[in-house]
Amino acid sequence: MNESSSPHRPLQADLPLAGEVKPQLELLGVTKRFGGVAAVDGVNLRVGKGEILGIIGPNGAGKTTLLNCISGVFRLDGGDIRWEGASIAGMAPHRVARLGIGRTFQIVRPFGSMTARENAAIGALFGSSDARKGPKEAFEIADQVLELVGLKAKAGRPVAALTIPDRKRLEVARAVATRPHLLLLDEVMAGLNNVEIDEALDMVRTVHATGVTVLLIEHVMRVIVGICDRAIVLESGRVLAEGEPEVVLRDERVIQAYLGERYAKRLRASGDEDGTN
Ligand SMILES: Nc1ncnc2c1ncn2[C@@H]1O[C@H](COP(=O)(O)OP(=O)(O)O)[C@@H](O)[C@H]1O
Ligand SMILES: [Mg+2]
């Protein structure tokens with residue numbers, strides 16, 4: 001019997017996964033409520049090892065909440081989350097981090113009086129189990145990740161003296177210093193100009209090239225199309241659409257719910273010109 005027709009295949013088994021059959025991360029009916037409102041409402045998702053998955057959707061769609069569910073910040077009100085096949089639902093954030101799931105925070109709160117290098121070293125000290133080292137090793141890792149994100153020259157500066165784009169870089173550096181197998185990025189390119197976005201894209205590509213799976217929330221469509229293998233669109237806590245980024249961004253429901261008419265017209269015009277629509 002053909003494998004894809006097996007009755008034992010898990011949910012959404014027909015989704016393309018970057019060269020892997022078994023998902024690294026699997027969300028099954030994940031639900032999180034605040035008061036009576038479901039901020040995340042029965043989300044099913046599979047992420048393959050080595051994939052770059054983009055999460056988009058309007059403000060309040062539940063994107064950050066979903067990340068908080070994965071990283072153990074919130075307890076689930078329903079469903080399950082599996083990492084390498086084992087449930088991590090209900091696990092404390094530091095234990096999730098030790099499994100190799102690293103994350104950034106949308107609202108960056110570095111230790112302002114400490115240097116960029118010290119902040120990155122903290123990431124190395126509190127990261128995944130294979131990264132838990134002494135201070136000397138932590139600073140070595142900090143130097144490596146600061147170089148990787150382009151902050152090497154500013155390593156000794158207090159964070160309070162860094163620009164916003166540099167603080168975003170440092171937030172990624174701190175997360176990468178935990179030596180994650182899966183990196184969760186929450187709008188790390190928000191507020192950056194085009195040149196800075198290109199630099200940030202290179203940074204994500206470099207991290208990904210070291211074998212890290214990436215799940216990123218972004219509003220910048222160029223980022224989603226530029227580096228993501230796949231995109232999911234959240235709206236009101238539910239998955240509205242899912243697939244190849246170019247296809248998802250042309251989905252009428254996505255345009256209506258999120259992208260807006262102006263963007264849609266531009267997309268249609270360009271589609272007509274190059275004959276792709
Ligand atoms: N800690 C919280 N307490 C109460 N409501 C929350 C909390 N975090 C998020 N929400 C609500 O959940 C919904 C989804 O928010 P969020 O996940 O931050 O959306 P997004 O990241 O897509 O903009 C919103 O209605 C928001 O007000
Ligand atoms: Mg958010």
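What number of residues in region 107-124 are in a loop (DSSP other than H, G, I, E, B), at pLDDT below 90 and either more than 16 Å from ligand 1 (Cβ to nearest atom) or farther than 16 Å from Thr163 by Cα (or both)?
Adding up the residues that qualify gives 4.
State all residues of region 156-189 that are in a loop (DSSP other than H, G, I, E, B), touching a residue at least 40 places away in the same chain (Cβ under 8 Å) and open to solvent by less than 40 Å² (accessible area, probe 1.4 Å); if no residue qualifies, say none.
Across region 156-189, the qualifying residues are Leu162, Thr178, Pro180, Glu187, Val188.
Cβ-Cβ under 8 Å, sequence separation 6+ or interchain: first residue in region 222-238 and outside the structural domain of Gly42 (by TED's automatic domain parsing), partner at pLDDT below 95 and open to solvent by 70 Å² or more (accessible area, probe 1.4 Å). Which pairs?
Short answer, once both residue conditions are applied: none.
Looking at region 56-94, which of the residues that are more than 15 Å from ligand 1 (Cβ to nearest atom) and of a type in the set (Val, Ile, Thr) is surrounded by the most Cβ atoms within 10 Å (Cβ to Cβ)?
The extreme case among them is Ile81.
Among Leu11, Leu17, Leu25, which is at pLDDT below 50 and either hydrophobic (A, V, I, L, M, F, W, C) or open to solvent by 30 Å² or more (accessible area, probe 1.4 Å) (or both)?
Leu11
Restricting to region 65-92, count the residues that are under 16 Å from the mean Cα position of the chain (by Cα) and not in a loop (DSSP other than H, G, I, E, B).
8
Inside region 177-226, can you point out the residues that are acidic (Asp, Glu) and within 16 Å of ligand 2 (Cβ to nearest atom)?
Listed by number, the residues that qualify are Asp186, Glu187, Glu218.
For region 224-235, does any single residue satisfy the condition of being part of a helix (DSSP H, G or I) and within 16 Å of ligand 1 (Cβ to nearest atom)?
yes
The values are calculated or read from the model by the stated rules, or taken from the named source; none is laboratory data. Keep in mind the model is a prediction, meaning the values are calculated, not measured. Here the Cβ is made from the backbone with ideal geometry for all residues, glycine too, and neighbour counts use every protein chain on show. Quick note on the areas: whole protein, heavy atoms, side chains included, nothing else; ligands and nucleic acids left out. Shrake-Rupley method; radii C 1.70, N 1.55, O 1.52, S 1.80 Å.
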